[in-house]
Structure formats: structure tokens, C-alpha cells
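Student: Please find one structure pasted underneath; my questions will follow.
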Amino acid sequence: ITDSRQNTVPIYDSKFTTIFPRMWSSQKSSHISMYKKYGNIKGINIRHTKPDGSTEIINKPTFGENLQFFFTYQLGHMYFRYFMWNFAGRQNDIESQGELEHGNWISGIKFLDEWRLGNLDKVPESMDNPAHNKFYLLPLILGLIGFFFHLNTNKKDAFVVFLLFFMMGIAIVIYLNQYPYQPRERDYAYAGSFYPFAIWIGLGVLSIYNALAKKIKEHKLIAIATILVCLILVPVIMAKDGWDDHNRSGKYAARDFAANYLNSCAPNAVLFTNGDNDTFPLWYAQEVEGIRTDVRVVNYMLSSGYWYIHQLGTKIYDSDPLPFTLTPEQYNKGVNQYIPFFNRNIKGYTELKEVIGFIASDNEQTKLPLQSGEKINYIPTKKFKLTIDSAKLVDNGIVPIELADQIVPSIEWELKQNALYKNDLMLLDFLATNNWERPIYFANPSALNKALNVDKYCHLHGIVYKFMPVKAKNYISGLGGISTDPTYDILVNKAKWGNLNDPNVTVDRESARNSGIVKQNYIRLARALNKENKKDSA
């Protein structure tokens with residue numbers, strides 16, 4: 001009754017295909033605007049007939065414009081910029097989307113840098129950070145000398161090293177076919193191609209030695225002089241300028257922030273995180289240091305993968321399996337990837353358990369027939385509710401007894417999209433099946449609001465948000481409210497910040513961003529305490 005569409009190949013309209021397509025994502029309007037910027041798109045207009053018989057004019061980028069985007073963005077911005085960071089110099093470590101003042105490569109040679117980036121004397125002091133590195137093109141020049149020396153002395157050997165350089169760099173660029181506005185800098189993806197260039201830097205030293213040896217007979221002095229000059233001009237300069245932003249000694253921010261997240265949760269809690277940066281440190285803290293292994297950390301983005309949902313159904317350390325109504329087979333690859341909304345004109349709000357049961361059912365009446373004859377799962381309503389058993393929530397500690405009289409009879413919300421994706425389904429299935437047995441926390445409620453728009457019931461506890469059927473005090477749309485007592489205890493008495501206040505510890509951009517979020521939590525806490533007339537604590 002479902003079609004996994006495995007091993008199927010999409011058929012594209014030949015009018016809109018091209019050789020070596022580089023511009024393909026229409027996921028966001030920002031992608032399209034960046035395609036236009038880097039591809040300088042004029043395009044060609046093509047008349048297209050829609051399924052309803054009407055026509056529209058679609059502007060198709062040309063092959064040449066695809067190539068221009070490839071050379072300017074994919075190669076220039078997303079590869080050679082990183083390459084030059086390592087062998088020419090770096091402006092700063094601020095993530096760049098093409099701005100003149102963020103994350104560009106520099107040389108340290110003033111006229112050259114100002115020709116590319118403008119008057120650098122006018123750059124604000126905030127743009128100047130430990131990652132402002134000037135190598136004066138010296139590693140690049142030495143590497144190029146080594147490359148040509150290698151090519152002239154042993155072409156076959158040089159080809160092997162060049163192949164490694166190409167396959168670990170430019171070939172990856174071609175394969176990934178990245179769209180604009182990547183969520184982070186991707187220099188790590190190409191680190192493998194920088195190693196072959198380092199080989200050529202070493203050969204550059206040999207090349208200079210050989211060139212001098214032809215003119216000077218005293219080889220020992222030549223060797224000593226060559227090595228000393230190369231050490232002073234290249235490694236010493238790189239170490240001098242690059243040490244401060246690469247030095248991680250004394251910096252424990254990732255571990256301590258992770259421990260703060262975990263220690264903000266009640267025993268046996270389930271904590272929903274959103275992406276890599278707020279998940280992997282937590283897993284490290286649990287896996288390596290054994291911190292709060294009773295808390296189940298659920299990466300919402302990863303839960304679009306069937307394999308990850310299967311893992312959630314197993315016991316890990318002190319965390320019991322997550323309960324689900326749907327079977328593991330119903331989360332398999334290609335199954336329930338996309339569950340559309342089909343309006344059945346159901347009035348009011350429907351119990352979430354009933355909606356999940358409707359999806360899990362094998363009854364033919366719960367399936368939506370398509371023109372192809374295929375039958376798929378669907379949701380008949382976008383209005384969900386969780387009915388609350390207040391006595392149970394107080395008994396099992398989900399809601400503190402002092403808030404018992406504030407428990408609402410039900411939590412109601414409306415889906416803000418026209419379908420459920422697999423990670424949405426997993427989230428709602430767990431909420432319905434968990435039945436408030438385990439405490440639930442969110443790292444960021446707004447990241448889930450398309451499927452679970454319940455931030456009015458999310459209470460800041462330290463640096464995470466506890467979900468419970470009590471309307472949040474000091475509510476801010478998208479951020480929920482704040483519970484002052486637990487937040488004060490965590491932020492003032494328990495939290496650690498990884499030596500970020502030590503002037504000798506490097507504070508990278510990610511740590512600065514995270515500490516900025518925490519500072520906002522301190523400000524929110526102070527304001528809430530003041531509002532509750534707890535002025536001494538504020």
C-alpha cells in the first residue's frame with residue numbers, strides 16, 4: 001500500500017537540463033539570489049506548460065552561467081578561499097557569505113589586499129580577531145616552486161601527488177555541487193588536498209638548495225643557510241600568526257557547555273537538539289566522560305533517517321528506549337518519508353494519539369488513493385491536542401507540586417506546514433506514546449515549531465527548555481518562558497563555562513555565539529527575578 005520509490009530515477013524535462021548543471025536548488029529564495037549574484041544570470045526564457053494546461057515563462061540559466069557559478073562560488077569561494085587561508089593568510093574567522101569584511105583570504109601585502117577588499121584601515125576593530133593571519137604569500141610561493149621543481153625532475157611522481165591534490169580538493173567540489181549559504185565554513189572537507197601542497201612546500205626547499213648549489217660550492221653552508229631562511233620565512237611566520245587562533249590549551253567550553261545542557265535536565269529526561277554543534281559535544285560528554293547517561297539526547301535533524309529512529313528504540317547506557325506507536329518497519333527507509341495533509345473537515349482539535357494511530361493503521365480506509373493507484377498515509381487534520389492527566393504529572397514529577405493548580409486541561413496547537421516529514425512524525429509519535437512518563441526538554445523550541453508549535457508551554461531551566469502543560473511565565477514568542485528558581489540555581493550555582501573568562505584562552509566564533517546566547521539567558525533571568533520582586537537574586 002506504500003511505494004518506497006527505491007531505485008527510481010527522476011525524469012527531468014529536457015528543456016531545463018544542461019551539461020554540468022551547477023545551479024539546482026530552489027529550496028530557499030536566498031539560494032536563487034546568490035545564484036544570480038555569482039552566476040551573473042541573464043538566462044534564456046522558456047515557455048512551460050503546467051499540468052492544468054496554462055503556460056508560464058521560466059528563466060533558465062545558460063551553460064556558461066552555470067560555469068561562471070562553478071568558478072566564482074564553488075571553486076573560488078568554497079575551495080580556493082580555504083586553500084589561501086592556509087598558504088597566503090586569513091582575514092578573520094567570521095563566517096562568510098561573500099561579504100568583503102568576513103572570512104576572506106588576505107596576503108598581508110597591503111596594496112594587493114586593498115585592491116581586492118578595499119581600505120582595510122577602515123575595518124572596525126571587532127573584525128580584527130586572532131584568526132587575522134598574514135603569511136605574505138610565502139607558503140604559497142614556496143609550494144609553487146616545489147610543484148614546478150617536482151614536475152621538472154619527476155613527472156610521473158608529480159602526477160601522482162597532483163592527482164591526490166585534485167581528487168581531495170577540486171574533485172570533491174565537483175561531486176558535492178554545493179548550493180549557496182552553506183550552514184558553516186567547509187574548509188575541513190578539503191583538508192586532504194592541502195597535504196600534497198605541503199609536500200611541494202618541502203620540495204620547494206630542495207629546489208632552492210639545488211639552485212644555490214650550482215653557484216656555491218660549499219654545500220654544507222648552503223644547506224644550513226637554505227633551511228634557516230625557509231624556516232624563518234615560512235614555518236616561523238605561520239606559527240607566529242597562526243598559533244593564537246589554533247591554540248586550544250585550557251579551553252573546555254565544548255565539554256562544559258555540554259555538561260550544562262545535560263545537568264539542566266531532570267533524571268531520565270529526553271532532550272531534543274537541532275543540529276551538529278549542540279549535539280556532538282553532548283554525546284562526547286556522555287560517551288567519554290560518563291556525564292548524565294540517563295538523559296537521551298535526540299538530534300531532531302538526524303531523525304529524518306530511518307537508521308537513527310531505529311537507534312532511538314534501543315537502550316543506551318542508563319537511558320531506556322524511546323516508546324513509539326509506529327513499528328520499526330513503519331520507519332524503514334523509504335516508508336513514511338512524507339505524509340501529506342488531506343482536509344477531511346474535522347472540526348476542533350484531534351487527540352494526537354488518534355492521529356498517530358490513524359497513520360499507524362493498516363486499514364485501507366486510512367489511506368489516500370492517488371491517480372497512479374498507489375495508496376499512501378496521510379493526516380486528515382492539522383489541529384492536534386494532548387489531553388492532560390494533572391494528577392499523574394504531579395505524581396511522576398513532570399510538574400512541580402507548587403504549579404499543580406496551573407496545569408491546563410489540554411495543550412492544543414496547529415501544524416504550520418502541509419505535511420509531516422519523518423522527523424516530525426517521530427517527534428509527534430514519541431509525544432503521543434510517551435504519555436508524560438519521561439520529562440521532555442528542548443534546546444530550542446522555535447526549531448520545532450512547524451510541527452510542534454507549543455513554545456507557550458516551554459520553560460527555560462538553565463539553558464534548556466522544559467516542556468510541561470503549564471503556561472510559561474515571562475513568555476517571549478519563539479523562546480518560551482522562564483522558571484526563575486531552577487534557572488537561577490543552574491546558572492549561578494552549577495554551570496561552568498570552560499575558562500572562557502581566561503584572557504589566555506582563545507574564544508572562537510562558535511564559543512562566542514554560544515556564550516552570547518547564555519548571556520541573554522542571564523539577562524532574561526535578571527529581568528524575570530526583578531519582575532517577581534526577587535531583587536537580591538536579580
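The values are calculated or read from the model by the stated rules, or taken from the named source; none is laboratory data. The structure presented is a predicted model; accordingly, all values stated were derived computationally and were not measured. For neighbour counting, all protein chains shown are included, and Cβ atoms are generated from backbone atoms with ideal geometry for every residue, glycine included.
Student: Specify which of the listed residues (410, 446) is of a type in the set (S, T, N, Q), touching an Asp or Glu at 6+ places or on another chain (Cβ under 7 Å) and either farther than 19 Å from residue 304 by Cβ or surrounded by 13 or more Cβ atoms within 10 Å (Cβ to Cβ) (or both). Talk me through it step by step, then tell me what you get.
Tutor: Working: 410 fails: touching an Asp or Glu at 6+ places or on another chain (Cβ under 7 Å).
So the residue among 410, 446 that is of a type in the set (S, T, N, Q), touching an Asp or Glu at 6+ places or on another chain (Cβ under 7 Å) and either farther than 19 Å from residue 304 by Cβ or surrounded by 13 or more Cβ atoms within 10 Å (Cβ to Cβ) (or both) is 446.
Student: Tally the residues that are part of a helix (DSSP H, G or I), of a type outside the set (A, V, I, L, M, F, W, C) and touching a helix residue (DSSP H, G or I) at 6+ places or on another chain (Cβ under 8 Å), restricting the search to the stretch 346-404. Spell out the reasoning first.
Tutor: Taking the stretch 346-404 and keeping what is part of a helix (DSSP H, G or I), we get 352-360, 364-366, 390-395, 401-404.
Narrowing the set further to residues that are of a type outside the set (A, V, I, L, M, F, W, C) leaves 353-354, 357, 364-366, 390, 392, 395, 402.
From what's left, touching a helix residue (DSSP H, G or I) at 6+ places or on another chain (Cβ under 8 Å): 353, 366, 390.
Qualifying residue count, the stretch 346-404: 3.
Student: Right, something else. How do the pairs read when you match residues in the stretch 88-102 that are in contact (Cβ under 8 Å) with a residue 60 or more places away in the chain and in the same structural domain as residue 183 (by TED's automatic domain parsing) with residues anywhere that are of a type in the set (Lys, Arg) and part of a loop (DSSP other than H, G, I, E, B), using Cβ under 8 Å and keeping only pairs 6 or more apart or on different chains?
Tutor: 95/184
Student: Another one. If I ask for residues that are touching a residue at least 40 places away in the same chain (Cβ under 8 Å) and not polar (S, T, N, Q), which ones from the stretch 247-265 would you list?
Tutor: 248, 250, 251, 252, 253, 254, 255, 256, 257, 259, 261, 265
Student: On to the next question. Scan the stretch 366-379 and tell me whether some residue there is in contact (Cβ under 8 Å) with a residue 24 or more places away in the chain, over 30 Å from residue 307 (Cβ atoms) and among the polar types (S, T, N, Q).
Tutor: No, that holds for no residue.
Student: Considering the stretch 275-285 alone, what residues qualify as being in contact with a helix residue (DSSP H, G or I) (Cβ under 7 Å, 6 or more places away or on another chain) and either under 30 Å from residue 394 (Cβ atoms) or not in a loop (DSSP other than H, G, I, E, B) (or both)? Spell out the reasoning first.
Tutor: Going through the stretch 275-285, the residues in contact with a helix residue (DSSP H, G or I) (Cβ under 7 Å, 6 or more places away or on another chain) turn out to be 277, 281-282, 284-285.
Of everything in the stretch 275-285, those that are in contact with a helix residue (DSSP H, G or I) (Cβ under 7 Å, 6 or more places away or on another chain) and either under 30 Å from residue 394 (Cβ atoms) or not in a loop (DSSP other than H, G, I, E, B) (or both) turn out to be 281, 282, 284, 285.
Student: From the residues in the stretch 59-105 that are aliphatic (A, V, I, L, M) and modelled with pLDDT of 90 or more, which one is farthest from residue 171 (Cα to Cα)? Walk me through it before giving the result.
Tutor: Step one: list which residues in the stretch 59-105 are aliphatic (A, V, I, L, M), which gives 67, 75, 78, 84, 88, 94, 100.
Remaining after also requiring modelled with pLDDT of 90 or more: 67, 75, 78, 84, 88.
Values: 67: 15, 75: 10, 78: 13, 84: 18, 88: 22 Å.
Across the stretch 59-105, the extreme among qualifying residues is 88.
Student: Hey, residue 148 hits all of (1) crowded, with 20+ Cβ neighbours inside 10 Å; (2) at pLDDT 95 or above; (3) not basic (Lys, Arg) but one; which does it fall short on?
Tutor: Among (1) crowded, with 20+ Cβ neighbours inside 10 Å; (2) at pLDDT 95 or above; (3) not basic (Lys, Arg), the lone unmet condition for residue 148 is (1).
Student: Regarding residue 66, is this residue touching an Asp or Glu at 6+ places or on another chain (Cβ under 7 Å) and not hydrophobic (A, V, I, L, M, F, W, C)?
Tutor: Values: touching an Asp or Glu at 6+ places or on another chain (Cβ under 7 Å): no; not hydrophobic (A, V, I, L, M, F, W, C): yes.
No, not satisfied.
Student: Right, something else. Which residue, of 256, 244, is at pLDDT below 90 and under 22 Å from residue 511 (Cβ atoms)? Steps first, answer last, please.
Tutor: Values: 256 fails: at pLDDT below 90.
The conditions single out 244.
Student: Another question, then. Looking for something in the same structural domain as residue 445 (by TED's automatic domain parsing), over 24 Å from the mean Cα position of the chain (by Cα), of a type outside the set (Asp, Glu) and part of a loop (DSSP other than H, G, I, E, B) - is there at least one such residue anywhere in the stretch 298-309?
Tutor: In the first step, residues of the stretch 298-309 are kept if they are in the same structural domain as residue 445 (by TED's automatic domain parsing); the result is 298-309.
Cutting the leftovers down to over 24 Å from the mean Cα position of the chain (by Cα) gives us none.
So far as the stretch 298-309 goes, no, none of its residues is in the same structural domain as residue 445 (by TED's automatic domain parsing), over 24 Å from the mean Cα position of the chain (by Cα), of a type outside the set (Asp, Glu) and part of a loop (DSSP other than H, G, I, E, B).
Student: Right, something else. Can you tell me how many residues within the stretch 176-203 are in contact with a helix residue (DSSP H, G or I) (Cβ under 7 Å, 6 or more places away or on another chain) and either on the phi > 0 side of the Ramachandran plot or free of Cβ contacts under 8 Å to residues at least 24 places away in the same chain (or both)? Write out each step before concluding.
Tutor: Within the stretch 176-203, the first condition is being in contact with a helix residue (DSSP H, G or I) (Cβ under 7 Å, 6 or more places away or on another chain), and the residues that meet it are 178-181, 186-187, 189-190, 193-194, 196-197, 199-203.
If we keep only those that are either on the phi > 0 side of the Ramachandran plot or free of Cβ contacts under 8 Å to residues at least 24 places away in the same chain (or both) as well, we get 181, 189.
Result for the stretch 176-203: 2.
Student: Within the stretch 189-196, is there a residue that is of a type in the set (S, T, N, Q) and either loosely packed, with under 13 Cβ neighbours inside 10 Å or not assigned by TED's automatic domain parsing to the domain that holds residue 147 (or both)? First the steps, then the outcome.
Tutor: Of all residues in the stretch 189-196, those of a type in the set (S, T, N, Q) come to 193.
After this cut, where a residue has to be either loosely packed, with under 13 Cβ neighbours inside 10 Å or not assigned by TED's automatic domain parsing to the domain that holds residue 147 (or both) as well, the list is none.
Within the stretch 189-196, not a single residue is of a type in the set (S, T, N, Q) and either loosely packed, with under 13 Cβ neighbours inside 10 Å or not assigned by TED's automatic domain parsing to the domain that holds residue 147 (or both).
Student: Next question. With the requirement that a residue be closer than 18 Å to residue 428 by Cβ and touching a strand residue (DSSP E or B) at 6+ places or on another chain (Cβ under 6 Å), what does the stretch 466-481 give you? Give the derivation first.
Tutor: Step one: of the stretch 466-481, the residues closer than 18 Å to residue 428 by Cβ are 467-469.
Hits for the stretch 466-481 are 467, 469.
Student: If you don't mind, another one. Among the residues of the stretch 103-121, which ones are in contact with a helix residue (DSSP H, G or I) (Cβ under 8 Å, 6 or more places away or on another chain) and without any contact (Cβ under 8 Å) to a residue 60 or more places away in the chain?
Tutor: Narrowing the stretch 103-121 to residues in contact with a helix residue (DSSP H, G or I) (Cβ under 8 Å, 6 or more places away or on another chain): 103-107, 110, 113-114, 120.
Matches in the stretch 103-121: 104, 105, 106, 107, 110, 113, 114, 120.
Student: Restricted to the stretch 286-310, and to residues that are among the polar types (S, T, N, Q) and modelled with pLDDT of 95 or more, which residue is farthest from residue 437 (Cα to Cα)?
Tutor: Taking the stretch 286-310 and keeping what is among the polar types (S, T, N, Q), we get 286, 293, 299, 303-304.
Imposing the further condition that a residue be modelled with pLDDT of 95 or more reduces the set to 286, 293, 299.
Working: 286: 22, 293: 18, 299: 20 Å.
Across the stretch 286-310, the extreme among qualifying residues is 286.
Student: Using beta carbons and a limit of 6 Å, which pairs, at least six apart or on different chains, have the first residue in the stretch 409-423 and under 14 Å from residue 386 (Cα atoms) and the second one charged (D, E, K, R)?
Tutor: Between residues of the stretch 409-423 that are under 14 Å from residue 386 (Cα atoms) and residues that are charged (D, E, K, R), the close pairs are 410/385; 412/385; 414/382; 414/383; 415/382.
Student: Separate question: List pairs: first in the stretch 311-332 and at pLDDT 95 or above, second exposed (fewer than 15 other Cβ atoms within 10 Å of the Cβ) and of a type in the set (D, E, K, R), Cβ under 8 Å, 6+ apart or cross-chain?
Tutor: 321/315; 323/437
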